[in-house]
Amino acid sequence: MNKELTLSFFLLFISLNIFGYQREAASKNTLPNIILINVDDMGWRDTGFMGSQFYETPNLDLLASKGMVFNQAYAAAANCAPSRACMMSGENTPRHGVYTVANSDRGKSENRKLVPTVNNPTIADHHLLFAELLQQNGYITCHSGKWHISKDPLTRGFDVNIGGSDAGNPGSYYPPYKNVPSIQSTNDDYLTDLVMDKTLDFLANNQEQPFFLNYSPYAVHTPIQPVADLLEKYLGKSPSNGQSDAKYATMVENLDRNIGRLIDLLQEKKLFENTFIFFVTDNGGLFKVTKQRPLRAGKGSYYEGGIRIPAFVVWPGRIRPGQVSEVPITNLDIFPTLLELAGIEKPENKNLDGISLLPLLTAGKNLPKRPFFWHFPIYLEGGNAESQDPVFRTRPGSAIRYGDWKLIQYFEKGELELYNLKEDISESNNLVNDRPDKAKELLTLLENWRESTHAPIPETLNPDFIAKKVTN
């Protein structure tokens, strides 16, 4: 090989290595770290920044003040697994068939008029999750806490798994943690403290490339087990606006304390300024434990108390602090938001039912007016005074919000409920007879959406229900 050719190969080798180094360096310097905080069963009013006077969340309140708080944020489903499946896939429930936790025929058969749609307890592998895309595009990824939508997050886009499985609750926050065998304590560690210990270890040891942390502590899901050093304070505290459970309050404050530890480490390691933080919860609060006044009902219901959630986004230097937005958003928006944030193109043939929030977050641009849909062809027991009836939190049906208006349709008898959320956030005045034009408009949108997503509608009568009615 002559000298000129040898020199050419040498220069090409150097240039390729320099280019590779520059690209890697650019990736490190320009890609933001991403933290998604998805709290379990924390209701819309369960934090100080959303108005609670009983629960104490000083760390969350301070963090929320550094970005944009959303007063009208929604989960795409009213309980854990479907909400998480929607958020991680960016697809609404009819596309993946995860409608509830476990089986869909919950409650006594004699009370169910229809045979509900069969539920998928976990999300199928062909539904691409955004963690998989982040992992493929330069991020080291860590799941921490509750997973619940498949057996193992390590097969769905995560390099590190801290305590995640298909379990919906920990079984116990005290050791031994019944449903979290991958994490055990030699001391008496409260589970969420130990999960955060391991999360901080991950962050401290992975600073050479951008990271994505899916922090989803099992708290504040049942079992309601108090944090000992906080209990006395809340036992002596006066109830406020339907919130009075001292044991639950200690779990909320413990969660807040651990998020404070997370932010302290980010600041200590000089990571905070280049970290995008999205805080949400997976559904409304559990009605028998915590109330979300003035919202109606709670977890499992498709009234506002079951689907409206606390949410904020922080990105220092890019999102102006101290903002409160009345723009409705959904956890379906997280997938497209993170794609745009990381500069990743939407894969061909990937359905995304949300939109990117970055134009609103970083430039204050208006988002398009759009409808929001919920579909729940199932039964969910545990009704209460504010759900549709005292037997079920949810009977089979669908719901739509468009502008200030919300329509709920139930499949058993075809009943409709219409509410103006601007004037009646408590959903106490059904306007379906007063505004048949608006009901028809929303019902048409809802029916068209169900057709476009192939949403199943249960129609088969349940023989147990029929037999009961005959014998009575």
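The values are calculated or read from the model by the stated rules, or taken from the named source; none is laboratory data. Quick caveat, the model's predicted, so the values are computed rather than measured. Glycine also receives a Cβ, built like all others from the backbone with ideal geometry; neighbour counts cover every protein chain displayed. Just so you know, the surface numbers come from the protein's heavy atoms only, side chains and all, with ligands and any DNA or RNA stripped out. Shrake-Rupley method; radii C 1.70, N 1.55, O 1.52, S 1.80 Å.
Classify segment 115-192 from the C-alpha gyration tensor, please: rounded if a/c falls under 1.5, else prolate or oblate depending on whether a/b exceeds b/c. Oblate, since a/c reaches 1.5 and b/c is not below a/b. Here's the picture: a label point sits 7 Å out from the Cα of GLU381 along the beta-carbon direction, and within segment 438-466 the residues with their amide nitrogen under 19 Å of it are 462-466.
Residue ranges 313-326, 135-148, 288-301 sort as 288-301, 135-148, 313-326 when ordered by packing (mean number of other C-beta atoms within 10 Å per residue, highest first).
Length available on full extension from GLU441 to GLN184: 0.36 nm per residue minus the Cα-Cα distance, which gives 87.1 nm. Remark: relative contact order (segment 62-198) = 15 percent; criterion is Cα-Cα distance under 8 angstrom and separation of 6 or more residues. Surface composition of segment 180-231: carbon and sulfur make up 45 percent of the accessible area, probe 1.4 Å.
Taking every protein chain into account, the accessible area of the chain amounts to 42 square angstrom per residue (probe 1.4 Å). Under 18 Å from a point 7 Å along the Cα-to-Cβ line of ASP404: which residues of segment 430-446 have their amide N that close? Only 430-442 fall inside the zone, counting backbone N under 18 Å. Once the gyration tensor of the Cα atoms in segment 337-472 is diagonalised, the equivalent ellipsoid follows with semi-axes of 34, 20, 15 Å, ordered largest first. Less than 20 Å from a label point 7 Å out along the Cα-to-Cβ axis of HIS454: which backbone N atoms in segment 124-159 qualify, by residue? Once the point is set 7 Å along Cα→Cβ of HIS454, 124-129 turn out to lie under 20 Å by backbone N, inside segment 124-159. Only Cα pairs under 8 Å and 6+ residues apart enter the sum, and on that basis the relative contact order of segment 270-428 stands at 18 percent. With q set to 0.06, 0.08, 0.10, 0.11 Å⁻¹, the log10 of I(q)/I(0) for the chain, from the Debye formula over equal scatterers at the Cα positions, is -0.28, -0.48, -0.74, -0.89.
Pairs of alpha-carbon atoms within less than 8 angstrom and 6+ residues apart define the contacts here; what relative contact order does the chain have, in percent? So the answer I get is 23 percent. Report, for the chain, the % of DSSP beta bridges that are antiparallel, rounded to 5. Roughly 50 percent of the DSSP beta bridges within the chain come out antiparallel. Here is how the number arises for the chain: DSSP H runs of 4 or more residues each give -39500 (n - 2.57), the sum is divided by the residue count, and the result at 222 nm is -9500 deg cm²/dmol.
Each peptide in 184-193, 452-461 gets a packing score, the mean of other Cβ atoms within 10 Å over its residues, and the list from highest to lowest is 184-193, 452-461.
Select from the chain the helices, each a whole stretch of DSSP H, whose alpha-carbon atoms run 27 Å or more along the helix axis and whose Kyte-Doolittle mean is at least -1.0; answer none if there are none. Qualifying helices: 3-30, 246-268.
Compared with the direct C-alpha span, the chain from ARG293 to LYS269 gains 4.7 nm at full extension, assuming 0.36 nm per residue. Please report, as a whole percent, how much of the solvent-accessible surface of segment 354-472 comes from carbon and sulfur atoms (probe radius 1.4 Å). Looking at segment 354-472 in its full context, I get 50 percent from C and S.
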